[in-house]
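> I'd like to ask some things about the structure below.
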Amino acid sequence: MMEGLKRGGAAIVGVAESDLGQVAEGLSVFDLMAQGVGRALDDCGLKLKDVDGLFSATTQSRLSVLGLAEYLGINPPFLGSTIVGGSSFEYHVAHAMGAIALGLCNVAVIAYGSTQRSVGRKQASAREINPHETPFKPFLPSSAYALAASRHMHQFGTTREQLAAVAVAAREWALLNPAAWEKKPLTIDAVLSSRMVSYPFTVRDCCLVTDGGGAIVVTSAERANALKKPAAYVLGCGQSTTHANISSMPDLTVTGALTSGQAAYQMARLGPQDVEAVELYDAFTINTILFLEDLGFCKKGEGGAFVSGGRIAPKGSLAVNTNGGGLSYCHPGMYGLFLLIEAVRQLRGECGPRQVKDCEVALAHGNGGVLSSQATVILGTQATL
Amino acid sequence: MPIDQDAPLKTYQDHLARDELAYQFSHEAGRAVFYPRVLCPFTGSNQLEWRISKGLGTVYATTVVHPSEGKPFNVALIDCDEGFRLMSRVEDIAPEQVHIGQRVRFRVHPAEGDEPPFPVFAPVESA
């Protein structure tokens, strides 16, 4: 499916977050996107006039890429607004790479913004009625992921303590990240005894509700070589969608990450054993377990044991969600862009106390909807080309 | 253009109003289709036959929702014996008593005001 894309043909050269957490009163999603765009262009030394490809996705504007182009005062010939939930930005990377390879654009900016904490979740995304789900009042998305967790616990004996270990590891990473929302330590007992949301999840098994945004800049490998900072080359990417609604997910214990990961590994000519920093979309604690399994870091059903005992925490054997993740760093509605930002920073060696030593290959895995859309991007330093 | 097909949702809800859990069967695919639609998602065929479920199924996945106000309640995915899955809830027992593998039987939650009828389940032993 992705055989048209050339390994290392494009690179992420600029990354930036907008303001995060609880942003200043009155800031719009376009203000946040524009903050991200300005900072990401500064990060790589390119200018707005260089941008000829523009991508965005947000739940708070129906025609967001038009709004963003207007705001920025640019008229890029190539636009993209694929919106498949939190993994949209991993899709955008593949689409930008394709457009660059075809000569449809050369400098693509991918932007995101959300003010869901400031305006409230109900304002930030319109409620959709599904006649086959809405009558049962699932608390979405939490209940959908909770159903998947129930199945994993039933089939593989995964425990609530193992789920909690994911939240605790994320918190330990977050304490090493000055930009993280959460500032205090967390214990397994504290996760288990927090307010129940949708069994088996307490509020600490669920991602944060923050504001935030950001942007990344993607360009051709040739142009990337001449820019300010070391480029993060796109070695592989893959996408898979298995359903939209949780009642249509074929097997609640196997996600599309299996397929997207295989495609990305194949294109990158790498395997899980080569990945040094693993950035996984942890909207809920079960996600990390499912994606570690489906992306081949452990066998199916063994994810619960794998995340226990600090294995994915700082000083553990596998560096997972090194920014603190959606569970403890930030989660402004759709989190996928932040996975890419952190993966690039790890490859550049910019991460201070949370830096993974000699990081040459990083993986960003986006998830959208209710385990619905999965997209994997494998990035590497110049040494991996 | 003449209207040559009722909305699948309307047909489904009309069956529910008659205490029937209806689903579609695709002969080309040789399997059940749910939710009701105009094209078979396995073959692309538009030849979908309406059938009535016997109303027996097994809990595939379950959660207990804890709303900020009001009592906790069950949300479950049910695998019906005819080979289709749907979201529903299991009633007549405490929500945390609902468990994967439990045998359940369909009944109708009747229409209320503007809200159409929908299918719910109860444990087979108490139904």
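> Evaluate the relative contact order of the stretch A:285-385 (contact order divided by residue number), counting alpha-carbon pairs under 8 angstrom at least 6 apart; express in whole percent.
16 percent.
> Grab the alpha carbons of the stretch B:8-126, take their convex hull, and tell me the volume per residue in Å³.
118
> In what order do A:Ser328, A:Ser88 fall by count of nearby beta-carbon atoms within 10 Å, going from fewest to most?
Ordered from fewest to most neighbouring Cβ atoms within 10 Å, A:Ser328, A:Ser88 come out as A:Ser88, A:Ser328.
> Taking the simple approach of a point 7 Å from Cα along Cα-to-Cβ for both A:Leu63 and A:Asp50, what is their distance in nm?
3.0
> Any chance you could check the Cα centroid distance between the stretch B:40-90 and the stretch A:318-385 for me, in angstrom?
One Cα centre to the other: 36 Å.
> Here is a follow-up. Taking Cα atoms, how many degrees apart are the long axis of helix A:88-101 and the longest axis of chain A, rounded to 10 and kept between 0 and 90?
Helix A:88-101 sits at roughly 30 degrees to that axis.
> Just counting partner chain Cβ atoms within 10 Å, what average do the residues of peptide B:62-71 show around their Cβ?
6
> Hey, another quick one. Which of the aspartates and glutamates could be linked to A:Lys300 by a straight reach, that is with a Cα gap under 14 Å, when you skip same-chain ones fewer than 8 residues away?
Result set, ordered by chain and number: A:Asp251.
> So for A:Met33, A:Met249, fewest C-beta neighbours within 10 Å to most, what's the order?
With the fewest neighbours first, A:Met33, A:Met249 line up as A:Met249, A:Met33.
> Which of the residue pairs A:Lys137/B:Lys54; A:Lys184/A:Lys229; A:Lys49/A:Lys183; A:Lys122/A:Lys183; A:Lys6/A:Lys228 have a Cα-Cα distance greater than 29 Å in the structure shown?
Going by Cα-Cα distance, A:Lys184/A:Lys229; A:Lys49/A:Lys183 fall outside the 29 Å limit.
> How large is the dipole of chain A about the Cα centre if only Lys and Arg carry +1 and Asp and Glu carry -1, each at its Cβ, rounded to the nearest 20 debye?
Computed about the Cα centre, the dipole is about 300 debye.
> Return the single residue from A:Asp211, A:Asp274, A:Asp52 with maximal mean-square fluctuation; model: Gaussian network over chain A, springs between Cα atoms under 10 Å.
Among A:Asp211, A:Asp274, A:Asp52, the largest GNM mean-square fluctuation belongs to A:Asp274.
> What number, rounded to the nearest 500 deg cm²/dmol, is the helix-based mean residue ellipticity at 222 nm of chain B, given -39500 (n - 2.57) per DSSP H run of at least four residues and division by all its residues?
So the helix-based figure for chain B works out to -2500 deg cm²/dmol.
> Quantify how much of the Cα-Cα distance distribution of the protein assembly as shown extends past 34 Å, in percent.
That fraction is 38 percent.
> Can you list the HN-Hα couplings for the stretch A:135-148, worked out from phi with the Karplus curve (6.51, -1.76, 1.60; θ = phi - 60°), rounded to whole Hz and with x for Gly and Pro?
3J(HN,Hα) across the stretch A:135-148, in whole Hz: x, 8, 6, x, 8, 8, x, 3, 5, 5, 5, 5, 4, 4.
> By counting other Cβ atoms within 10 Å of each Cβ, how are B:Glu91, A:Glu25 ranked from fewest to most?
Lowest to highest Cβ neighbour count: A:Glu25, B:Glu91.
> Please figure out what share of the DSSP beta bridges in the stretch A:239-385 is antiparallel and state it in percent, rounded to the nearest 5.
Rounded to the nearest five, the antiparallel share is 65 percent.
> Any idea how far the Cα center of the stretch A:237-264 sits from the one of the stretch A:133-151, in Å?
The two parts, judged by their Cα centres, are 17 Å apart.
> Oh, and also: So if the hydrodynamic radius of the stretch A:28-138 is defined as the Kirkwood radius over C-alpha pairs, what does Stokes-Einstein give as its diffusion coefficient at 37 °C and 0.692 mPa s, in µm² per second?
So the translational diffusion coefficient is about 218 µm²/s.
> Let me ask another. Taking Cα atoms, how many degrees apart are the long axis of helix A:336-348 and the longest axis of chain A, rounded to 10 and kept between 0 and 90?
70
> Expressed as an acute angle from 0 to 90° and rounded to the nearest 10, what is the orientation of the C-alpha long axis of helix B:8-17 relative to the principal long axis of chain B?
The angle comes out near 50 degrees.
> Which whole-angstrom value gives the distance between the alpha carbon centres of the stretch A:70-119 and the stretch A:45-68?
The distance from the Cα centre of the stretch A:70-119 to that of the stretch A:45-68 comes to 6 Å.
FYI, it's all coordinate maths here, none of it is from the lab. These numbers were taken from a predicted model, which means no experiment stands behind them. All Cβ positions, even for glycine, are placed from backbone atoms using ideal geometry, and neighbour counts span all protein chains on display.
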